[in-house]
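J.: I am attaching a structure below and will ask some questions about it afterwards.
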Amino acid sequence: MTSLPDVPLGGLYGHLILDHYRNPRNREPVPNADIEAEEFNPFCGDRIALQLGLDSQGRVAQACSRSEGCSIIQASASMMADLAFGKSLGELEDLAELFRAMMRGERSSDGIAEELGDLKALEVVRAYPVRIKCALLPWVALEEGIARFRKQSE
Ligand code: ZN
């Protein structure tokens with residue numbers, strides 16, 4: 001399937017990535033989800049299906065993210081669902097922006113580590129440019145799902 005470079009997953013942060021990869025959170029389907037999105041990256045076979053359920057305040061009350069593919073997308077998808085709970089859609093978009101800025105090297109995780117939570121572990125992926133897309137794909141799905149939801153609710 002892939003000849004992409006492996007990201008070495010040693011050290012504290014590597015273990016965090018491996019933990020999410022081996023024990024992905026939030027894979028239970030959300031019935032009647034408000035937001036649904038899927039993304040596929042044929043380049044390395046990564047796939048993500050995302051579902052979010054909102055409460056009456058418009059905050060995420062249920063989240064399901066199911067991914068297939070490499071360790072990086074699976075870890076990123078699991079971390080994303082963990083972080084989504086209790087957030088408004090605007091807050092999630094802000095988080096996606098921060099994460100993308102870190103992955104593109106426009107910002108270091110210093111100073112935004114608290115907002116990023118476990119996602120800061122993925123900063124190591126920055127050294128492997130072709131793998132950055134793996135880390136961002138769940139967030140692309142998230143932003144598309146939110147955009148479609150907003151359009152439908154207009
Ligand atoms: Zn991948």
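J.: Among the listed residues G14, G10, G53, G69, identify the single one that is of a type outside the set (A, V, I, L, M, F, W, C), farther than 17 Å from E143 by Cβ, within 11 Å of the ligand (Cβ to nearest atom) and out of contact with any Ser or Thr (no Cβ under 6 Å at 6 or more places or on another chain).
T.: G69
J.: Let me ask something else. Being within 18 Å of I72 (Cβ to Cβ), open to solvent by 80 Å² or more (accessible area, probe 1.4 Å) and within 14 Å of the chain's Cα centre (by Cα) is true for just one of K133, K120. Which residue is that?
T.: Result: K133 is the single residue among K133, K120 that is within 18 Å of I72 (Cβ to Cβ), open to solvent by 80 Å² or more (accessible area, probe 1.4 Å) and within 14 Å of the chain's Cα centre (by Cα).
J.: While we're here: Scan region 136-154 for residues that are closer than 15 Å to E39 by Cα and open to solvent by 60 Å² or more (accessible area, probe 1.4 Å) and jot them down.
T.: Scanning region 136-154 gives E144, R148.
J.: Does E91 qualify as being within 25 Å of H15 (Cα to Cα), open to solvent by 70 Å² or more (accessible area, probe 1.4 Å) and either assigned to a helix (DSSP H, G or I) or at pLDDT 95 or above (or both)?
T.: When the stated conditions are applied, E91 does not pass them.
J.: Six or more apart or on different chains, Cβ atoms under 8 Å: show the pairs whose first residue is in region 17-46 and on the phi > 0 side of the Ramachandran plot and whose second is open to solvent by 70 Å² or more (accessible area, probe 1.4 Å).
T.: G45/M1; G45/T2; G45/E68
J.: Check whether at least one residue in region 122-135 is touching a residue at least 12 places away in the same chain (Cβ under 8 Å) and farther than 18 Å from V7 by Cα, and report yes or no.
T.: No: zero hits.
The values are calculated or read from the model by the stated rules, or taken from the named source; none is laboratory data. What you are looking at is a predicted structure, and each value in this text was computed from that prediction instead of being measured. We place every Cβ from the backbone using ideal geometry, glycine too, and count neighbours over all the protein chains shown. To get the accessible areas, we keep the full protein, side chains included, count just its heavy atoms, and leave off ligands, DNA and RNA. Shrake-Rupley method; radii C 1.70, N 1.55, O 1.52, S 1.80 Å.
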